[in-house]
Amino acid sequence: MALLVLKFGGTSVGSLERIEAVARRVAALQQAGHRLVVVVSAMSGETNRLLGLARGLDLDAPAAETDVLLATGEQVTIGLLAIALAKQGCAARSFTGEQVCIHTDGHHGKARILSIDELPLQQCLAAGQVAVVAGFQGRGPDGRITTLGRGGSDTTAVALSAALKADECQIFTDVDGVYTTDPRIEPKARRLPRITFEEMLELASLGAKVLQIRSVEFAGKYRVPLRVLSSFDEGEGTLITYGEPSMESPLVSGIAFSRQEASLTILGVPDRPSVAAQILGPISDANIDVDMIVQNTLGDGTADFTFTVNREEFRRARALLEQVADELGADCVQCNDSMAKVSIVGLGMWNHPGVASTMFTCLGREGINMQLISTSEIKISVAIDEKYLELAVRALHDAFGLAQGGDVAGMNNN
Ligand code: ADP
Ligand code: ASP
Ligand code: MG
């Protein structure tokens, strides 16, 4: 008899019928003798609807109050699922993030979990009840409600699994596992029965929203057995694996993308040491994550400096950069808030210098201009105009033979 943490995402609890289907699945597992913690997201579309309400009042609504509003989405689903379970005769009780004592830092909108007091859940499980927990929310150091960033229910589930030392954390979603790329963009994408933790971490950090990046980080830190499965179909899903990467790792395992990119360029800054720190200091002080960075030295004592941020943070970043531009006497600030980032990820890539050229040749053939590039041992990312995103993903999926798991044009894929 296992201790399982099950997480159901927005689509999986998107209607009363679907909540009843989840309740049936949970009740059957409870009947089979498993101890269960069930984490739920808000019903699909609800978090966006709530965000729209806040923005309807103020585009820069205070983050702490926005969190109060957003947290209601998950409170609705824990209530509904607990009701549906009771109707099935399954003993259950609901918990908000605060009731389950999920303590976070105070970064509203993207808080990090600091600690969990697992006692309330253990008492609930010991009493033979299913614990139904609101994902995505916690309690900050000042007692206020926090949220964990979009997709944060995944992180709630993995963190609870680590705290309770669960036998497995199962993420039920609207696809039946982790694919070579988002199957909504590339119908030829293939489900991966297993994926290494390192590759999953890269895919998630580069935009594959099937798992929130922090959930994967947490899973790696505490070695949480983690599986992604379909809410609607039976199947093994995808298991995240730990341990030594195999020498036979595929060159490229998957393609991730993000539409949420914006680039900011400050033109004509003095070309001297520390100027990069002067430009990025205020941005990082405002807790805005900077992603790709490029500096071009122009040879006339000035330089241009470009970086990308998440589009959600674009307005704040632009305002800060305009101030810095004034202070540094820069020529001007130019922005593009319709960028996308496409990345190829694979453990087998680190000793294959030809991968970058295959990627660049493929994009060039499609007439797609790369505006920024960044690389690590196991990934290459390029920033492109958002309008070419689908084309780029499909062309790269083909170029690296991902649909067939076969050969890459002109390269030995092992
Ligand atoms: P949930 O609401 O269950 O948390 P999400 O929408 O957050 O679900 O994540 C599931 C979605 O992730 C899928 O519907 C799919 O469009 C997208 N996705 C992106 N990349 C991948 C990938 N590599 N494999 C599977 N799904 C992916
Ligand atoms: N409801 C939140 C969101 O839409 C959290 C989640 O679904 O994981 O981002
Ligand atoms: Mg999600």
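The values are calculated or read from the model by the stated rules, or taken from the named source; none is laboratory data. No experiment lies behind these values; they were computed from the predicted model shown. A quick note on method: Cβ atoms are made from the backbone with ideal geometry, for glycine too, and the neighbour counts reach across all protein chains shown.
Among the numbered conditions (1) surrounded by 22 or more Cβ atoms within 10 Å (Cβ to Cβ); (2) within 16 Å of ligand 2 (Cβ to nearest atom); (3) of a type in the set (S, T, N, Q), the only one that residue 180 does not meet is (2).
Note on segment 323-387: enclosed strands (runs of 3 or more DSSP E) holding 3 or more residues that are touching a residue at least 24 places away in the same chain (Cβ under 8 Å) and closer than 20 Å to residue 250 by Cα are 332-345, 379-385. Across segment 28-47, the number of residues qualifying as over 19 Å from residue 138 (Cα atoms) and either out of contact with any strand residue (DSSP E or B) (no Cβ under 8 Å at 6 or more places or on another chain) or assigned to a loop (DSSP other than H, G, I, E, B) (or both) comes to 7. From the list 166, 157, 219, the one residue that fits, being under 27 Å from residue 71 (Cα atoms) and over 17 Å from the mean Cα position of the chain (by Cα), is 166.
Could you tell me whether any residue of segment 144-151 is buried (at least 24 other Cβ atoms within 10 Å of the Cβ) and not aliphatic (A, V, I, L, M)? Yes, some residue in segment 144-151 is buried (at least 24 other Cβ atoms within 10 Å of the Cβ) and not aliphatic (A, V, I, L, M). Does residue 189 fit the bill of being buried (at least 21 other Cβ atoms within 10 Å of the Cβ), within 16 Å of ligand 2 (Cβ to nearest atom) and in a loop (DSSP other than H, G, I, E, B)? Spelling it out, it is not the case that residue 189 is buried (at least 21 other Cβ atoms within 10 Å of the Cβ), within 16 Å of ligand 2 (Cβ to nearest atom) and in a loop (DSSP other than H, G, I, E, B).
Total residues in segment 128-159 satisfying the condition of being touching a strand residue (DSSP E or B) at 6+ places or on another chain (Cβ under 9 Å), more than 16 Å from ligand 3 (Cβ to nearest atom) and not in a strand (DSSP E or B): the figure is 4.
The combined condition, being in a helix (DSSP H, G or I) and of a type in the set (Asp, Glu), is fulfilled by residue 65. Among the residues of segment 22-68, those that are among the small types (Gly, Ala, Ser), within 16 Å of ligand 2 (Cβ to nearest atom) and within 25 Å of residue 85 (Cβ to Cβ) comprise 41, 42, 44, 45.
The condition of being surrounded by fewer than 15 Cβ atoms within 10 Å (Cβ to Cβ), within 25 Å of residue 260 (Cβ to Cβ) and modelled with pLDDT under 95 holds for only one of 376, 357, that being 376. If the condition is being under 18 Å from residue 229 (Cα atoms) and without any contact (Cβ under 8 Å) to a residue 12 or more places away in the chain, then segment 26-57 contributes only 28. Those strands (runs of 3 or more DSSP E) of segment 196-309 in which 1 or more residues are at negative phi and among the aromatic types (Phe, Trp, Tyr) occupy 254-270. Within segment 206-220, the residues that satisfy the criterion of being of a type outside the set (Lys, Arg) and buried (at least 20 other Cβ atoms within 10 Å of the Cβ) are 206, 207, 208, 210, 211, 212, 213, 215, 216, 218, 219. Only one of the listed residues (272, 318) is surrounded by 15 or more Cβ atoms within 10 Å (Cβ to Cβ) and over 26 Å from residue 255 (Cα atoms). That residue is 318.
Every test in (1) in contact with a helix residue (DSSP H, G or I) (Cβ under 9 Å, 6 or more places away or on another chain); (2) within 16 Å of ligand 2 (Cβ to nearest atom); (3) at negative phi is passed by residue 109 save one, and that test is (3).
Could you run through segment 161-177 and say how many residues are more than 24 Å from residue 43 (Cβ to Cβ) and not basic (Lys, Arg)? Result for segment 161-177: 6.
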